[in-house]
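Everything below concerns the one structure shown next.
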Amino acid sequence: MNDIIRTPEEIAARVKALESILIEKGLMTTQMVDRLVEIYETEVGPQLGAKVIAKAWSDPDYKARLLEDATEACKELGISGLQGEDMVALENTDDVQHTVVCTLCSCYPWPVMGLPPNWYKEPQYRSRMVREPRKVLAEEFGFSVHESKEIRIWDSSSEMRYWVLPQRPAGTEGWTEEQLAELVTRDSMIGVGDAKAAS
């Protein structure tokens with residue numbers, strides 16, 4: 001998969017070129033581009049999932065509701081929409097690491113995580129993660145899961161979209177939800193990494 005993952009500079013150059021072509025051909029305006037960016041920066045995206053997870057880490061009752069019905073629990077925080085009609089949150093524990101993949105295409109819970117990363121859509125990730133998850137996590141994401149910990153792979157689909165409730169980092173007792181949300185990453189919600197450690 002390393003030959004697929006692009007550097008941020010390569011991605012930025014491609015995006016800028018595509019944006020220029022769309023504007024030049026009159027298919028989009030700069031205002032439309034700005035609005036799309038605003039939507040994905042503030043109205044959908046991993047920051048919303050981070051808000052949900054921080055709430056679950058802070059409020060045991062909310063966490064129970066999230067694990068029972070993620071779609072309805074997210075609606076409590078005003079988070080819903082297309083690709084999020086049927087969501088399931090999977091709680092990581094000391095004994096189990098959950099990881100999400102879509103083996104058919106790229107089904108993903110957009111309301112809480114925004115658009116899927118490119119690698120999530122690549123055939124290599126979709127097939128290898130099912131066959132050799134421990135190896136893929138270590139080699140492609142630098143994420144080593146102890147041999148004693150079970151890795152469970154969940155196959156998202158158009159009927160059901162899974163995402164992960166990572167374990168709360170140690171040393172965050174007394175932190176506000178805003179502080180906790182800063183520790184949640186997109187990768188931790190897919191299950192290919194942990195939340196950031198408290199600093």
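Tabulated results
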item	result
The listed residue being open to solvent by 10 Å² or more (accessible area, probe 1.4 Å), free of Cβ contacts under 8 Å to residues at least 24 places away in the same chain and within 21 Å of Ala54 (Cβ to Cβ), out of Glu147, Glu173, Glu91	Glu173
Residue that is over 23 Å from Ile39 (Cβ atoms) and surrounded by 13 or more Cβ atoms within 10 Å (Cβ to Cβ), where the choices are Arg126, Arg131, Arg161	Arg126
Set Ser148, Ser188: member being among the hydroxyl-bearing types (Ser, Thr, Tyr) and part of a loop (DSSP other than H, G, I, E, B)	Ser148
Test result for Leu115, closer than 19 Å to Val184 by Cβ, surrounded by fewer than 18 Cβ atoms within 10 Å (Cβ to Cβ), under 14 Å from the mean Cα position of the chain (by Cα) and not β-branched (Val, Ile, Thr)	yes
Filtered residues of the stretch 1-29 (kept if of a type in the set (Val, Ile, Thr) and at pLDDT 85 or above)	Ile21, Ile23, Thr29
Restricting the stretch 48-78 to residues that are among the aliphatic types (A, V, I, L, M) and open to solvent by 10 Å² or more (accessible area, probe 1.4 Å), the residue that is farthest from Val164 (Cα to Cα)	Leu77
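The values are calculated or read from the model by the stated rules, or taken from the named source; none is laboratory data. Keep in mind that this is a model prediction, so the values were computed, not measured. Don't worry about glycine lacking a Cβ; one is built from the backbone with ideal geometry, like all the others, and counts go over all protein chains shown. Side chains included, ligands, DNA and RNA excluded: accessible areas come from the protein's heavy atoms. Shrake-Rupley method; radii C 1.70, N 1.55, O 1.52, S 1.80 Å.
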